[in-house]
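Each value in this text was obtained by applying a stated rule to the coordinates, not by laboratory testing. These figures come from a predicted structure and were not determined experimentally. Neighbour counts run over all protein chains shown; Cβ positions are idealised from the backbone, glycine included.
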Amino acid sequence: MCGIVGYVGEKQALEVVVEGLRKLEYRGYDSAGVAVVSGDHLDVRKKAGKLANLESLLGTDPLASSTIGIGHTRWATHGGPTDANAHPHVSEDGRVAVIHNGIIENFAELRAELTAAGVTLSSETDTEVVAHILARSLPAVGGDLAEAMRHTCQRLEGAFTLVAVVADDTDVVVAARRNSPLVVGLGQGENFLASDVSAFVAYTREALELGQDQVVSITREGVTITDFDGVAVEAKPFTVTWDAAAAEKGGHDTFMMKEIYEQPKSVADALRGRVGTDGRLQLDEMRLSDSDLREIDKIVVIACGTAYHAGLVAKYAIEHWTRIPVDVELASEFRYRDPIVDDRTLTIAISQSGETMDTLMALRYAREQGSKALAICNTVGSTIPRESDAVLYTYAGPEIAVASTKAFLTQIIAAYLVGLYLAQVRGNMFGDEIASVMRDLQDMPQAVDRVLDTVEPVTELARELAAVPSVLFIGRHVGYPVALEGALKLKELAYMHAEGFAAGELKHGPIALIEEGVPVVVVVPSPRGRATLHDKIISNMQEVRARGARTIVIAEEGDETVVPYADHIIRVPVVPTLMQPLVSTVPLQVFACAMATAKGHDVDQPRNLAKSVTVE
Ligand code: AGP
């Protein structure tokens, strides 16, 4: 998720573009760059690090004056956060500059094609291939940048918002979008392009929403929109009612709610590009060889907090698919228990930030014992993936709220991909079995989207319970880590006691906590899965209900057996057993967010917490 700005008008483009990037910096902040059209050439500056680094560079090495330009603030996906990988990317002849938000799934074959044609690529990014293809398309279309963009888009697979300018054309900025956000700002004698309205709302509130597979050209006089075949299309105008701050949150009150609503897209992005043209799983930075992976006889997952819960969920799936024993360890405990780790152990470090010191120190310890290491991480180029043998990025985009939501769902997806990849390499599953699971996973973005329909009733329930002193969470099988995650969310946001249990443990002590009115959230497994698990948790519901508990039941649509024992039922879509955490967690995220809001807490920056815990 990157920040993109394009401008053409009467103002100094650099000023408008940099101001827009400031508003979009929450979308990505590991490098930034700008390009303006000055006479017959492009003037480009780009720099790793935060936007301030680019501004310092511009202070000492100013851009030419221009009233047309583009700018980008990056959240790295392909290629680390370096000057060379920063956008804009420029074609070999220096005539085309392009910026990009998204993931081009077929970039590897396009890179190979360009290299074979003698093009020298100067970055590790997927974006650079677009600059070269655009420039090489121009001559055949008489230098028409919009037509070149249409030709180029027809060769791209994946998700992309592209914005480009060409040297010696000081009148037009051209953009295209598929599966990635882009809006047009409509001014007087000036027009804007951006990832979201916060970049231009200071100049205009009149905007156009673009549809899928469209190319837009903006000039000082107007806006032209076509589909990828060049057929003119109408865009839907709207007036921005948000202020810039609200626009950064996509109109939501908090980044956390914005990120909860981003989860369908994040899950889709985590799955994007993982299957090759041969139908087999391909994990882009899995630098461990097949023989390395065949020698593995044990997996250790190390992580903290929510990432640890993702590891607990993953254990059920990875063991089920690969028959490799999986230990899931709290990173802060791992190296002090003298663990049994050797060169046949695969250590999987799960971390959104990639900088959590507990996890990093545990990773270093495991590697000192000879273990192979694979990172599951959301932050490209961060320390944990850099110190691992292989990495699977989750592509969730920047997670601003301290309480982890979309990172959690995409960590589960990534861990599942690792499990399926191991099963593929080691032959534990047939190709058609793996393909079947992948098809189920491809249905998850829509399933997660449907759960968002429960936001309102869950919010109402949270408001009703805002004064309770404690909430208990119980679950079985993959529902047990969900119970733990629901309790953690409530602790870190509502600052109240909450505890998650394996439902089977209730009778071994915790049931003594049950008394009149105690809220118990029950994460119910599907009756279509292991029937005994479902029957047993129904018994647990009866046990706590009989002692006065107020049961809040997360159950799949159509499961009517829970009705007699539920004070509140929150329905989730029917999905395969191993994928239930992807839907049953969402209401618990919303519940905690709403409870914290009802208590007047700062949801995005809860007290005492940091987004990345870089101390042990
Ligand atoms: C979860 O809501 C918390 N923000 C926290 O538990 C977090 O998951 C943990 O600190 C691990 O962070 P990491 O994923 O960046 O390593």
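Of all lysines in the structure, the ones whose alpha carbon falls short of 20 Å from that of Lys507, not counting any fewer than 8 places away in one chain, are Lys536.
With a cap of 16 neighbouring Cβ atoms within 10 Å, and only residues DSSP puts in a loop, list the trypsin sites (Lys or Arg not before Pro) found in region 88-159.
When the trypsin sites (Lys or Arg not before Pro) of region 88-159 are filtered for loop state and at most 16 Cβ neighbours within 10 Å, Arg155 remain.
Return a whole-number percent for the relative contact order of region 139-284, with Cα pairs under 8 Å and 6 or more residues apart as the contact set. Contact order relative to length: 18 percent.
Would you calculate a helix-derived [θ] at 222 nm for the chain, using -39,500 (n - 2.57) for each DSSP H run of n ≥ 4 and dividing by the full residue count, to the nearest 500?
Counting only the DSSP helices, I get -10500 deg cm²/dmol.
Here the Karplus curve 6.51 cos²θ - 1.76 cosθ + 1.60, taken at θ = phi - 60°, turns the phi angles of region 214-219 into couplings of 10, 10, 10, 10, 10, 10 Hz, with x standing for Gly and Pro. By the rule of a C-alpha distance below 29 Å, with chain neighbours fewer than 8 residues away ignored, the lysines paired with Lys265 are Lys23, Lys46, Lys47, Lys50, Lys236, Lys249, Lys315, Lys406, Lys489, Lys491, Lys611. Sparsely packed loop sites in region 254-317 (the trypsin sites (Lys or Arg not before Pro) outside DSSP H, G, I, E and B with at most 15 other Cβ atoms within 10 Å) comprise Arg280, Arg287.
Its alpha carbons give region 516-559 an Rg and a Dmax of 10.7, 32 Å. With a cut-off of at most 15 other beta carbons within 10 Å, and DSSP calling the residue loop, which GluC sites (Glu not before Pro) in region 518-580 qualify? Please list them. Loop-located and lightly packed - Glu557.
Residue by residue, region 254-268 carries 3J(HN,Hα) couplings of 9, 4, 4, 5, 4, 6, 5, 6, 7, 4, x, 5, 5, 5, 4 Hz when phi is fed to the Karplus relation 6.51 cos²θ - 1.76 cosθ + 1.60 (θ = phi - 60°); x denotes Gly or Pro. For region 557-570, putting each phi into the Karplus relation 6.51 cos²θ - 1.76 cosθ + 1.60 with θ = phi - 60° gives couplings of 3, x, 7, 7, 5, 7, 4, x, 10, 10, 7, 9, 10, 10 Hz, in residue order, rounded to whole numbers and with x for Gly and Pro.
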